[in-house]
Every structure is written in structure tokens, then in C-alpha cells.
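I have placed the structure first, in the form of C-alpha cells, so that the comments after it can refer back to it.
The values are calculated or read from the model by the stated rules, or taken from the named source; none is laboratory data. Just so you know, these numbers come straight off a predicted model, no measurement behind them. Because the Cβ atoms are built from the backbone with ideal geometry, glycine has one as well, and the counts that use them run over all protein chains shown.
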Amino acid sequence: MELHRKNRLIYDEADCIRQIGNSVSGALKNISAYEKVYQVSIHDELTGLYNRSYCSEFMKNLDIMEHPIGMIYLDMDNFKLYNDLYGEETGDQILKWSASQVQNLCSDKMSVFRVGSNEFLIIAEENRKEILLSFARLIQNTILEQKEDKPKVIQPITFSIGIAWDKNMAESAGKLFRQARRAAFYAKGNGKNHIEIYEKSFEGQEQSREKGYEQVTPTIFALMAAVDAKDSFTFEHSENVSGYAMKLAAKMGLPKDDIQTAKVAGLLHDIGKIGIPESILKKKGKLTDEEYEVMKTHVENSIEMIHFLPNMNYVIPAVLSHHERYDGKGYPGGVKGTDIPILGRILAVCDSFDAMVSRRAYKDALSVEYAIGELEKGKGTQFDPDVAEAFIELIEEDPSFQVKAS
């Protein structure tokens with residue numbers, strides 16, 4: 001009898017424990033389910049980054065006076081163009097790939113958010129602007145690298161990047177966010193694929209216009225795609241010259257509108273090669289005199305095509321004069337010295353440099369050191385000496401020239 005009661009007591013206890021276990025298990029499952037729902041609610045479905053709603057909540061809990069932070073705002077350039085040319089599926093792939101590249105670079109002291117359709121924000125436990133600037137440059141270079149999983153589009157994937165870091169100019173995280181976003185806005189206006197650090201002088205400034213470029217960007221890249229189909233070297237060359245010309249114009253202190261013009265003129269300077277026979281464009285040997293005369297017509301061809309682009313005539317002087325020489329022995333007009341438009345002189349240097357350091361069907365790429373030597377030799381004859389010297393300094397200052405030329 002006692003044994004029976006003892007066993008009965010054990011069974012009751014076991015049943016009680018079982019019920020408690022079931023309750024705990026149910027509670028844990030509910031907690032797990034809640035956590036999953038919560039994580040879904042704070043993350044962006046496409047990129048996996050934190051979403052804008054969570055960003056707002058996150059910033060409310062930040063005391064930047066007590067714990068200083070820095071913000072890096074990334075605004076993808078030409079995103080509408082990707083959607084228009086390739087479709088929204090490719091646009092999504094570009095966003096997802098770019099987000100993964102940024103996320104992989106970030107340390108555990110950084111949080112990454114998708115705060116717009118094509119905009120990301122990094123909040124870092126770091127407010128030294130030199131460190132933030134260095135990291136922003138790392139992002140730029142990483143996004144430009146050619147990788148197997150990178151979406152295949154003809155124009156480079158780039159970001160305009162804004163940095164805000166100074167707690168003395170922003171009393172809250174929300175204010176710092178707006179400053180970083182404004183700096184990115186200025187970076188985009190200064191030619192895209194740029195980095196701007198927010199300064200007090202930004203307040204009240206007006207953004208410089210981009211001279212109609214945005215309206216005709218799809219047309220420009222459609223033309224470049226046609227050139228690419230005929231001669232991929234010409235397309236890549238135009239992209240390179242555009243980037244070099246922007247940097248050189250900026251180094252020489254030209255106005256923002258001229259920097260923008262340098263960018264567009266670089267893209268369009270060889271567009272007329274679409275009318276040159278492939279037998280000449282891709283010839284592996286030296287051109288005959290007759291073939292060279294045909295090749296020279298690409299300048300006039302380019303001008304004729306630009307005339308059909310709305311509000312783009314402002315790039316014509318630069319495009320028309322990029323084969324003129326400082327000593328007057330160039331073409332098509334034999335213009336000499338400072339009578340050559342400054343942007344034409346800039347394009348001439350950038351065009352020659354990229355032609356030397358890039359591989360072509362008829363030659364291997366030459367070294368950067370060799371190209372610098374040729375620029376030195378050409379001062380005062382082929383090139384404006386001041387422009388050539390500024391470009392040589394730029395090559396030595398900017399490591400990206402070595403990367404592009406490798």
C-alpha cells in the first residue's frame with residue numbers, strides 16, 4: 001500500500017513536471033516566433049539591411065554628445081537608369097549586391113541601414129573624419145572592383161557619398177543624419193562617385209546645375225552601348241577618360257559646372273567612332289595614311305551626334321578640340337596654345353594617358369611610369385605644360401590611377 005502511494009506520488013510529480021515543461025516549451029516557442037517576427041520587421045526584405053523604420057528608432061536612442069558617432073550616407077548613382085535600361089529585376093540585383101559589399105566591409109561597431117530606394121546609411125561608433133573618409137574610399141574602390149558575382153551592366157556601379165561627424169554642428173543624431181544626406185547630395189551634384197564631408201559652409205548653399213545631363217543620360221549610354229557592341233575598347237576608354245577629366249578639372253580648381261562638363265565630354269569624345277569601319281577601328285597593324293584620315297573624321301561625327309542631344313551643345317568645344325595640340329599641329333582645326341579650350345586641353349592629356357596604359361587590339365598596355373615620361377616629353381608640344389604637370393601630380397597622389405591602369 002505504501003509502495004503504491006509512493007509510486008502514485010512520483011507519477012503525479014512527473015506529470016506536473018511534464019506540464020511545466022510543456023508550458024516552458026510553449027513560451028520558448030512563442031519567444032522564438034516573436035523574435036523571428038521582430039527581426040523581419042526591422043530588416044529590409046531585399047537587401048537584408050536594417051530598414052528605415054528601425055533606423056529612426058535606432059537614432060532616437062543615440063546620445064551623440066555622450067557617445068560621438070559618425071554617419072556615412074551612400075546614394076547610388078544612376079539607379080533610375082539601371083531600371084530603365086535593364087529592368088527592375090536587374091536594379092534589385094544591383095541593390096542587393098551593393099548592400100552585401102558594404103555590409104561585408106563594416107565592423108561590428110557599425111550598423112548599416114537601407115534608408116531609401118537606392119540609399120544606404122552607415123552609423124559608426126567613430127567620429128574621426130579621417131577614419132570615416134578612409135572607409136568611404138574603401139567602399140568606393142570595393143564597389144568598382146570587377147567580381148564574378150557583380151551584376152553585368154555597361155556603366156560602372158558607383159555611389160555619391162556624404163559624411164557627417166562633428167557633434168558641434170549637430171545636437172542630435174537626426175541632425176547628423178540630415179547633414180550626411182545633404183553632403184551626399186552635394187557629392188552627386190559634383191559629378192557623382194564623389195565623397196563630400198559636411199561643412200558649415202554647406203548651409204544656405206545652392207546646388208550647381210548639371211546642365212541637362214540627367215535628362216539625356218539614358219540616350220548617352222544607349223549610344224555608348226552601340227559603340228561597345230562595335231568596339232569594347234572605345235567604350236571602356238571613354239569611361240576612363242571621363243573619370244580622369246573630372247578629377248583633373250577639380251584639381252585645377254575649375255568651377256563645378258566645368259567639372260560636370262569634363263565628365264560628359266569625356267563620355268562623348270569618341271562617340272563618333274560608331275561611324276568608323278570596324279576594319280579600321282580594330283586593325284592590329286599601323287593605319288595607312290588613308291585609314292588615318294578616315295579615323296580622324298570621328299571628331300566631326302561626334303559633334304554631329306551631340307547636336308541631336310537636347311541641351312548638350314555646351315560639351316562641343318571640349319569634344320571638338322581634344323585632338324588639338326599645344327604647338328598647333330593637331331586636328332581638326334590646328335588651334336594652338338591657350339586658344340584651345342581648357343577642357344579640350346584637359347581631355348587631350350587624359351585621352352593620351354589612357355590610350356597608353358590600356359590594352360588595345362594592336363598593342364599591349366604600357367606602364368604608368370612610361371606614360372608619365374611621355375607626358376613629360378609632350379609638355380609644350382603636344383600638351384599644355386600646366387595641364388600635363390597637374391595630371392602627373394594627380395597620378396602620383398591618387399592610387400586609383402594605378403588600379404585602373406593595371
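Just to be sure, is residue 295 under 21 Å from residue 226 (Cα atoms) and at pLDDT below 90? It is false that residue 295 is under 21 Å from residue 226 (Cα atoms) and at pLDDT below 90.
Residue by residue, here is whether (1) assigned by TED's automatic domain parsing to the domain that holds residue 161; (2) charged (D, E, K, R); (3) at pLDDT 95 or above holds:
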site	(1), (2), (3)
16	no, no, no
56	yes, no, no
64	yes, no, no
72	yes, no, yes
85	yes, no, no
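Scanning region 234-290 for residues that are in contact with a Cys (Cβ under 8 Å, 6 or more places away or on another chain) and hydrophobic (A, V, I, L, M, F, W, C) yields 241, 245, 248. Within region 86-126, how many residues are β-branched (Val, Ile, Thr) and surrounded by fewer than 19 Cβ atoms within 10 Å (Cβ to Cβ)? Selection size over region 86-126: 1.
Considering only residues in region 52-62 that are under 12 Å from residue 111 (Cβ atoms) and surrounded by 13 or more Cβ atoms within 10 Å (Cβ to Cβ), the one that is nearest to the chain's Cα centre (by Cα) turns out to be 55.
Inspection of region 357-369 finds no residue satisfying the criterion of being assigned to a helix (DSSP H, G or I), under 28 Å from the mean Cα position of the chain (by Cα) and modelled with pLDDT of 95 or more. The criterion of at least 2 residues that are of a type in the set (A, V, I, L, M), without any contact (Cβ under 8 Å) to a residue 12 or more places away in the chain and closer than 19 Å to residue 178 by Cβ is met by none of the strands (runs of 3 or more DSSP E) falling completely within region 68-159.
Looking only at residues of region 258-315 that are more than 20 Å from residue 343 (Cα to Cα) and aliphatic (A, V, I, L, M), we find that the one that is surrounded by the fewest Cβ atoms within 10 Å (Cβ to Cβ) is 287. From 272, 328, 333, which residue is touching a Ser or Thr at 6+ places or on another chain (Cβ under 6 Å), more than 30 Å from residue 397 (Cβ to Cβ) and either at pLDDT 85 or above or among the aromatic types (Phe, Trp, Tyr) (or both)? Result: 272 is the single residue among 272, 328, 333 that is touching a Ser or Thr at 6+ places or on another chain (Cβ under 6 Å), more than 30 Å from residue 397 (Cβ to Cβ) and either at pLDDT 85 or above or among the aromatic types (Phe, Trp, Tyr) (or both).
Taken together, 347, 394 contain a single residue that is within 18 Å of residue 238 (Cα to Cα) and either modelled with pLDDT of 90 or more or aliphatic (A, V, I, L, M) (or both), which is 347. The residues of region 355-375 that are under 14 Å from residue 394 (Cα atoms) and either of a type in the set (Phe, Trp, Tyr) or in contact with a helix residue (DSSP H, G or I) (Cβ under 7 Å, 6 or more places away or on another chain) (or both), listed by number, are 368, 371, 372, 375. For region 187-202, the set of residues classified as crowded, with 20+ Cβ neighbours inside 10 Å, at pLDDT below 85 and in a helix (DSSP H, G or I) consists of 188 only. Tell me yes or no: at least one residue of region 327-343 is under 19 Å from residue 243 (Cα atoms), hydrophobic (A, V, I, L, M, F, W, C), buried (at least 18 other Cβ atoms within 10 Å of the Cβ) and under 32 Å from the mean Cα position of the chain (by Cα). Yes, region 327-343 contains at least one residue that is under 19 Å from residue 243 (Cα atoms), hydrophobic (A, V, I, L, M, F, W, C), buried (at least 18 other Cβ atoms within 10 Å of the Cβ) and under 32 Å from the mean Cα position of the chain (by Cα). Here is the figure for region 222-248: residues that are assigned to a helix (DSSP H, G or I) and either charged (D, E, K, R) or modelled with pLDDT under 85 (or both) total 16.
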